[in-house]
Amino acid sequence: MQEHDADVIIIGAGIAGLACAETLVAGGLSVIILEARDRVGGRILTHYDEKQRFPIELGAEFVHGEHPELIERIKRAGLRLRRINEEPWCLEAEGLRKCGEFWTQTEKVLNALRVTKPDRTFAEFLRSPTGRRFSADARDSATRYVEGFNAARAELISVNSIVRGLRTEEKINGDKQFRIVGGYAALVADILKRLPAAQVRIDTGTIVKQVTWKRSDVRVSAMRGRTRQTFSAKRAVVTLPLGVFQAGTVKFSPMLRKKQAAVKKLYMGEVIRVALRFRTRFWESIRPQPGAATLRRMGFLFSDDKNFPTWWTQRPAKEPLLIAWSPTWHTKESRGKTNAALVSTALASLAKILDMPKSKLRRLLLEGHVHDWQADPFSRGAYSYVCAGGESAQRELLRPEQQTLFFAGEACVEDGTNGTVHGALQSGSNAGRELLPGAKPRRAHPAARRTLQNQ
Ligand SMILES: Cc1cc2nc3c(=O)[nH]c(=O)nc-3n(C[C@H](O)[C@H](O)[C@H](O)COP(=O)(O)OP(=O)(O)OC[C@H]3O[C@@H](n4cnc5c(N)ncnc54)[C@H](O)[C@@H]3O)c2cc1C
């Protein structure tokens, strides 16, 4: 009888888990992936409209920059990328205008950020003498950007982590943004297709409850419906989202005390994202100022609306779809609201921003889509960020235990790519490589070592 069910158990079939599996099977190892949901992809969740086959993303949507591993996989899958380079519009006191100062002001503030010891929050930076040199408008634009993009609170997010993220972005042309034509789920499907059934078993609908481990021996206990199942392997890769880790719904025995302390220094950002599909792209004919341009080429729309301040279109694609984005500080009010109520709130915000009756927008609306990532027990939030002083937490989270338990996922990266698909993907492949025969035990992530040396 075989001692173990597989060489490696991977917990979680998000992009990190799947990328890890790909690397392991290429190295000749056998893998069991245990996934709680009845689907793979995790926080990549694409809804396809039956008739049009147009993808509506409910989780990750953008490809940020040109991260080599992600781009290579997109190309390999034969998928096309559509570059986004559209007009940003801002709601100002005088009404809607193409954002002039918004970006330049934001960039100036971001360029002034420096790594400091001790670390500080973005809000503390803005209150510092350097921060106070910027106008109230500039500080406000930069805060909206930092909070919106990172799903973070300015009073908590670490400036050092923002700087690290910006440096990594520069290396991968992070100023370029794309969407995958056909949707992010098409990429997941392609990776899945490449995993040979002879080496990889994927058990969906299998909720991991307990991981019991000692050197070179891991036993995982999971619930499949009402049935308890046990799986064993020499090693395991844990790709649980930070929110699940923090909630402690998966028990480790022996406990991972240092990791439990580390996850307290990281935050799970919260986001409510509502996709509104309309009958037409009605906004394109709106001309906010007489004699000025229409909103035809609008990409993003920034406002100070209290519920849904940020919006975007699908341009250059021609879908009559608007996305409403409500970052962290509004999500508490949204808790427990039904999807219909969230769609209604989003319509009310849009009505105010576009200065149109809500009843008219409702008539134009075909459907609204929401996925509540905060309430979802298998994500418990949208994506992670680092609290001031919490820089070492990602390193601790990533550190393998006795070369037996390995960790991957968007929160387990040290190079500032946390909260992204490419960060998660890279962390999964890295973990896979470390498990291959002959791999050297890791000390620190190479990119992080470089970054730390540069500080
Ligand atoms: C609304 C939203 C918008 C986003 N937008 C972007 C974007 O535009 N661009 C971008 O790059 N990134 C974006 N992201 C972030 C990106 O989606 C994530 O960083 C990435 O998908 C995380 O992958 P992962 O494999 O680390 O985690 P996940 O995808 O969360 O995978 C972890 C897996 O573990 C499973 N799991 C959880 N608990 C258990 C359990 N007990 N037992 C078994 N399995 C379990 C989960 O079901 C899940 O499948 C967005 C995220 C959200 C939520």
### Task
Of all residues in the stretch 231-260, count the ones that are more than 19 Å from the chain's Cα centre (by Cα), within 14 Å of the ligand (Cβ to nearest atom) and either among the hydroxyl-bearing types (Ser, Thr, Tyr) or part of a helix (DSSP H, G or I) (or both).
1
#### Entry: Any hit, the stretch 137-147, residues being within 16 Å of the ligand (Cβ to nearest atom), on the phi > 0 side of the Ramachandran plot and not hydroxyl-bearing (Ser, Thr, Tyr)
no
## Note on the structure
Exactly one of 438, 428, 368, 416 is touching a helix residue (DSSP H, G or I) at 6+ places or on another chain (Cβ under 8 Å) and at positive phi, and that residue is 416
### Message
Residue under question is residue 45, and the condition is that it be over 30 Å from residue 9 (Cα atoms) and within 14 Å of the ligand (Cβ to nearest atom); does it hold?
### Response
no
### Query
Only one of (1) more than 9 Å from the ligand (Cβ to nearest atom); (2) over 29 Å from residue 324 (Cα atoms); (3) in the same structural domain as residue 408 (by TED's automatic domain parsing) is not met by residue 77, so which one is it?
(3)
### Message
If I ask for residues that are touching a helix residue (DSSP H, G or I) at 6+ places or on another chain (Cβ under 9 Å) and either hydroxyl-bearing (Ser, Thr, Tyr) or at positive phi (or both), which ones from the stretch 74-103 would you list?
### Response
78
### Task
Can you give me the number of residues within the stretch 412-437 that are more than 7 Å from the ligand (Cβ to nearest atom), closer than 17 Å to residue 59 by Cβ and not in a helix (DSSP H, G or I)?
2
### Message
Take the residues in the stretch 48-64 that are within 8 Å of the ligand (Cβ to nearest atom) and hydrophobic (A, V, I, L, M, F, W, C); name whichever of them is surrounded by the most Cβ atoms within 10 Å (Cβ to Cβ).
### Response
60
### Task
Check off (1) in a helix (DSSP H, G or I); (2) among the charged types (D, E, K, R); (3) within 15 Å of the chain's Cα centre (by Cα); (4) within 15 Å of residue 422 (Cα to Cα) for residue 170 and give me the number that stays unchecked.
(3)
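The values are calculated or read from the model by the stated rules, or taken from the named source; none is laboratory data. None of the values given here were measured: they were computed from a predicted structure. As a convention, Cβ positions derive from the backbone with ideal geometry for all residues, glycine included, and neighbour counts pool all protein chains shown.
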